[in-house]
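Just below is one structure, and these are the notes that go with it.
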Amino acid sequence: MRHSGVEATAYLVNESRARCGELARDPLAVDWIPASERSAVRALWDEFAEAVYAHDDLVVSLRGRCVLEVLTEALRRDPDTVLVSCGAGFTSYPWVLPFRAAVEVDLPEIIQAKRQRVTELRATGLIDDRDVTHIATDLTSGPARQELVERVRTIAAGRPIAFVAEGLVYYLPPQAARAVIGLGAAIDPDALTVVSYWPRAAAAHPVLAAQTRWFREHRVPEDATYLTVDDLSAVLGRRVDDNSPEQLQRRLLGKVAVPERELIPEHVAVAGA
Ligand SMILES: C[S@@+](CC[C@H](N)C(=O)[O-])C[C@H]1O[C@@H](n2cnc3c(N)ncnc32)[C@H](O)[C@@H]1O
């Protein structure tokens, strides 16, 4: 596993879902990390919780549950929907939902770890054999994004697209972040898009400031891209439904268990649902 670099965040947020499996509805979260690496991932999470905030399990599970519900509805509308997940990390959507085809995109090291773990979990019978294409690429590269668009169009072969960028765009420079948000629409103008993001109004949030310090120590890029709902609507050319952590808590928990000032202010934007 990685203790530093942006790839380390894939382990961190997977552990967040594993600690809150019922809310996240991700029964596979605990299985993505091999037994030999689990204690190191838990230790990294505990260190993050101590230094930054103790509620990443809540924030990541709320956003994951929101994505899961939007994707469930997309499949209900059309069971042929193809999932395209950018910065997929160790998310489980292609295995916990009945997608007939899915594409998972991430940096090479994470794609290699995911492919290997898929092989191992299939061998033990924990996951089924699903049609998932894993693509290793750096989404900050314009030519790589264009190549991805062409490749996904071929895979989708005219089927509807559900595009997800969860826990990704704030790590990218502003221009790349906007281009990634628009990738689903670039593949198919009717695509459903689900993107999590940090609102510009929260740029001075104290938990984000603490996270920036932790990122610096762990060589995760510190320069975050913040966005507004209007930015997202402008990129996508359509109305966006915005879900804040407090709104998600009210909907999924029936109350605000932890106020937003104590949480990473991660919103989930949905367009085309
Ligand atoms: C916070 S994790 C989120 C992972 C997953 N979406 C989840 O919610 O569990 C961020 C992910 O984005 C990936 N990532 C960051 N920068 C990237 C880039 N330039 N190109 C492709 N993937 C990237 C990381 O490797 C990591 O898997």
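For segment 241-257, which residues satisfy the criterion of being surrounded by fewer than 18 Cβ atoms within 10 Å (Cβ to Cβ) and touching a His at 6+ places or on another chain (Cβ under 8 Å)?
Listed by number, the residues that qualify are 242, 244.
What about residue 112, is it among the polar types (S, T, N, Q), free of Cβ contacts under 8 Å to residues at least 12 places away in the same chain and within 16 Å of the ligand (Cβ to nearest atom)?
On the way: among the polar types (S, T, N, Q): yes; free of Cβ contacts under 8 Å to residues at least 12 places away in the same chain: no; within 16 Å of the ligand (Cβ to nearest atom): yes.
Answer is no for this residue.
Here's a check for you: in segment 53-68, which residue that is in contact with a Leu (Cβ under 9 Å, 6 or more places away or on another chain) and of a type in the set (A, V, I, L, M, F, W, C) is nearest to the ligand (Cβ to nearest atom)?
If we filter segment 53-68 for residues that are in contact with a Leu (Cβ under 9 Å, 6 or more places away or on another chain), which is where we start, we get 53, 55-66, 68.
From what is left, the residues that are of a type in the set (A, V, I, L, M, F, W, C) are 58-60, 62, 66, 68.
Numbers: 58: 14, 59: 11, 60: 7, 62: 12, 66: 11, 68: 11 Å.
It comes out as 60.
Using the structure shown, decide if residue 96 is away from the ligand (no atom under 11 Å from the Cβ), open to solvent by 30 Å² or more (accessible area, probe 1.4 Å) and of a type in the set (A, V, I, L, M, F, W, C).
On the way: away from the ligand (no atom under 11 Å from the Cβ): yes; open to solvent by 30 Å² or more (accessible area, probe 1.4 Å): yes; of a type in the set (A, V, I, L, M, F, W, C): yes.
The answer is yes for residue 96.
Which helices (runs of 4 or more DSSP H) sit wholly inside segment 159-273 and have at least 3 residues that are aliphatic (A, V, I, L, M), under 28 Å from residue 25 (Cα atoms) and at pLDDT 95 or above?
Counting at least 3 such residues, we get 174-181, 245-253.
Would you check which residues across segment 226-240 are in contact (Cβ under 8 Å) with a residue 40 or more places away in the chain and open to solvent by 10 Å² or more (accessible area, probe 1.4 Å) and list them?
226, 229, 231, 235, 236, 237
For segment 163-190, what are the residues that are small (Gly, Ala, Ser) and more than 17 Å from the chain's Cα centre (by Cα)?
Residues of segment 163-190 small (Gly, Ala, Ser): 165, 167, 176-177, 179, 182, 184-186.
Once the filter is applied, which keeps residues that are small (Gly, Ala, Ser) and more than 17 Å from the chain's Cα centre (by Cα), segment 163-190 yields 185, 186.
Scan (1) within 13 Å of the ligand (Cβ to nearest atom); (2) open to solvent by 20 Å² or more (accessible area, probe 1.4 Å); (3) in contact (Cβ under 8 Å) with a residue 24 or more places away in the chain for the single condition residue 18 breaks and write down its number.
(3)
Of the residues 116, 146, which single one is outside any loop (DSSP other than H, G, I, E, B), within 23 Å of residue 188 (Cβ to Cβ) and polar (S, T, N, Q)?
None of the others qualify; the one that does is 146.
Pick from segment 56-91 the residues that are of a type outside the set (A, V, I, L, M) and assigned to a strand (DSSP E or B): which of them is nearest to residue 273 (Cα to Cα)?
Per the criteria, the residue is 85.
Only one of these is more than 15 Å from the ligand (Cβ to nearest atom) and surrounded by 20 or more Cβ atoms within 10 Å (Cβ to Cβ): 74, 101. Name it.
Within the list 74, 101, the selection yields 74.
Quick one: which of 159, 145, 122 is open to solvent by less than 60 Å² (accessible area, probe 1.4 Å) and among the charged types (D, E, K, R)?
Going through 159, 145, 122 in turn, just one is open to solvent by less than 60 Å² (accessible area, probe 1.4 Å) and among the charged types (D, E, K, R): 145.
(1) over 27 Å from residue 258 (Cα atoms); (2) in contact with a Pro (Cβ under 7 Å, 6 or more places away or on another chain); (3) surrounded by 23 or more Cβ atoms within 10 Å (Cβ to Cβ): which one isn't true of residue 85, the others all being true?
If we test residue 85 against (1) over 27 Å from residue 258 (Cα atoms); (2) in contact with a Pro (Cβ under 7 Å, 6 or more places away or on another chain); (3) surrounded by 23 or more Cβ atoms within 10 Å (Cβ to Cβ), just (2) comes out false.
The values are calculated or read from the model by the stated rules, or taken from the named source; none is laboratory data. Note that the structure is a prediction, hence the values are computed from the model and not measured. Every residue, glycine as well, gets a Cβ built from its backbone with ideal geometry; the counts of neighbours run over all protein chains shown. Only protein heavy atoms, including side chains, enter the accessible area calculation; ligands, DNA and RNA are left aside. Shrake-Rupley method; radii C 1.70, N 1.55, O 1.52, S 1.80 Å.
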